[in-house]
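See below for the structure under consideration.
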Amino acid sequence: MATKEEPYEIKLYDLDKYFEELERLPSASQEELTSFVANYLTVQPTKIIPELAGKLKQLAGDYKGYWQYDLAEKRMIYLPDAVARTVLIMYLGPHPDWKKRHKRPW
């Protein structure tokens, strides 16, 4: 019989900034993001399921290992660690200007 894996622990890179950005979202977007974190990131943070197609993607290049979740006018970027079973939410905010390669949004 298979044993259930432990859920991923969610950590925030900048707690205050995350909650400031979360409060700026419309209530429906707040609920969507909270549900995504609680029901998806804690269980399968690197699996793209049909419901998330177009909203979730793995980043490449300088950002390899990071994942991005699109939410209305905001973007959340996180870094999962399968060995430690943690997800570090690095950024929640406006869509970053990726052309500024040497400046990360966090």
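Every number in this text was worked out from the coordinates using simple rules, so none of it is lab data. None of these values were measured; they are calculated from a predicted model. Don't worry about glycine lacking a Cβ; one is built from the backbone with ideal geometry, like all the others, and counts go over all protein chains shown.
A few remarks follow.
- Normalised contact order of the stretch 9-94, rounded percent, pairs of Cα under 8 Å and 6 or more residues apart: 34
- Prolate/oblate/rounded call for the stretch 9-94, Cα gyration tensor, a/c under 1.5 rounded: rounded
- Local electrostatic count at Arg24 - Lys and Arg +1, Asp and Glu -1, tallied over other residues with Cβ under 10 Å: -3
- Relative to the dominant Cα principal axis of the chain, helix 15-24 is inclined by about 70°.
- Residue exposure proxy: Ile49, Ile10, Ile77, ordered by other Cβ atoms within 10 angstrom of their Cβ from fewest to most, comes out as Ile49, Ile10, Ile77.
- With neighbours defined as other Cβ atoms within 10 Å of a residue's Cβ, the residues Trp106, Trp67 order from fewest to most as Trp106, Trp67.
- The chain - charge dipole about Cα centre, Lys and Arg +1 at Cβ, Asp and Glu -1, debye rounded to 20: 560
- Residue exposure sequence - Asp81, Asp97 - by fewest surrounding Cβ within 10 Å: Asp97, Asp81
- Each of the GluC sites (Glu not before Pro) that DSSP puts in a loop and that has at most 13 other Cβ atoms within 10 Å breaks the chain; the longest unbroken stretch is 6-72.
- For the chain, the longest principal axis of the Cα atoms and the long axis of helix 27-36 meet at an angle of about 40 degrees.
- Dipole of the stretch 9-94, positive end: most advanced residue of Leu88, Thr46, Leu33 [Cβ charges, Cα centre]: Thr46
- Each label point was placed 7 Å from the Cα along the Cα-to-Cβ direction; for Trp106 and Glu5 their separation is 2.0 nm.
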